[in-house]
Amino acid sequence: MTRVQAREAAVPAGQGGVAGVIAALAGTLGLAQLPVRLRAWDGSETGPLSGPAVLLRSPQALRRLLWHPGELGLAQAYVTGELDVEGDLEDGLRRVWRAVAAARPAVSGGPGRGVTRTPAAAWAATRAAVMAALRLHALGGPLPPPASQLRVSGRRHSRARDRAVIAGHYDLPAAFYQLILDPSMAYSSAYWTSEAADYTLADAQRDKLELICRKLGLAPGARLLDMGCGWGSLTVYAAQQHQVRVTAVTLSAQQGAHVTGRVRDLGLGDLVDVRVQDYRDTGSGPYDAIASVEMGEHVGAAMYPRFCAALRDLVRPGGRILIQQMSRGARAPGGGPFIESYIAPDMHMRPVGETIALLEKAGLEVTEAGAMREHYVRTIHAWRDNFEARQDQIGALLTAEQVRVWRLYLAGGALAFADGRMGVHQLLAIRR
């Protein structure tokens, strides 16, 4: 073995200490080798010498995992700082995800699909985890969830609950979003049309906005409904560049106030009407065109047919509708426990074909479907670079937990799109 190979080799898992106990437990659960280096609070460590390292700072991290095995327990431990990652967080998540997926017992079709355990195997795994926690003094009742974990109540997708869900994620200070987004404040996938060194996130977002306006066939004086207008990027662009009359709808009070201020400062008050309301309460149609950019994910499975019907009823006959919306693979979980607990409770994604079928069932003809998954990876990486470059300013706006939530959100989101577990599409439809 060369010196380089020796440095890259994994430290034996049976060397003792907290790290050794955890490595042995991982082995009983199907991981022949740890995918990342592990360093524990007692100074013990094991795993690959290269790449990211997971730092277990407290037995409480294991206690959370005991009560919430998998993604939610790991997320809780990370956002509280009981668990940390040294090195590239996205690379660390990728290594762990792939190792766990390969180790899962599969019902059919290969590792990572349709996971089930026999009762005996499940009991053996639980017993091994409890015994390991006992040895490491990590047993105890469930810990309270982190303060940054969202808490919503009420009937799913009632108006009140939807307002609370949107407020939990979007009603952060607009100044925070200004630090990570481009100047247009587009909080959705950009559309990258150049590899030039001087082509920036702002250019890619401008090209996305122009693509939407072109697909909708916007002409001066046309009426556009921006359903889920976010921070107003499309609203402002369509009014400024295409002289259309825009009705901008958002459920977020922070976004509504921000867009109203932008419209006033830019002298666009005669062209733009900003409304803070539920999409179910939107009227004043018919519109010549409707855009819904990454808002449909928040509608929910049960309400999506009603959402499609609202789009149909609000656009004039012959009018166009553009939906930019995240999707998931047929076998992929979509958002997952972290997203549902910290970012967007009640979010629902489906394979893009199912969304097309729902639009057509509502009486709309889908004339175009375009995938933008790889564009989202680049977009999130650009947001992440802004996020990391402006830590001092962000730290003055968010709590320490919120900063860690966003770091995990950006790394996990980029990985989900890069691996194809999540996608995003632009769907163009017309009301015949």
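Please treat every number below as a calculation from the coordinates, not as lab data. Computed from a predicted structure; not experimentally measured. Glycine gets a Cβ as well: all are built from the backbone with ideal geometry, and neighbour counts include every protein chain shown.
Per-structure values
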item	result
Of all DSSP beta bridges in the chain, antiparallel share, percent nearest 5	50
Residue exposure sequence - Met349, Met185 - by fewest surrounding Cβ within 10 Å	Met185, Met349
Fewest-first sequence of Asp273, Asp265 by Cβ atoms within 10 Å of each Cβ	Asp265, Asp273
Rounded, prolate or oblate (a/c below 1.5 giving rounded, otherwise prolate when a/b exceeds b/c) for the chain by Cα gyration tensor	prolate
Farthest positive-ward along the chain dipole, Cα basis, beta-carbon charges - from Ala190, Gly81, Phe176	Gly81
Two-site FRET efficiency, Glu365 against Ala197, from Cβ-Cβ distance with R₀ of 45 Å, rounded to 0.05	0.60
Region 175-215 shape via C-alpha gyration tensor axes, a/c threshold 1.5	oblate
Degrees between helix 71-80 axis and first principal axis of the chain (Cα, 0 to 90, nearest 10)	90
Cα-based helix-to-principal-axis angle, 201-216 vs the chain, degrees rounded to 10	50
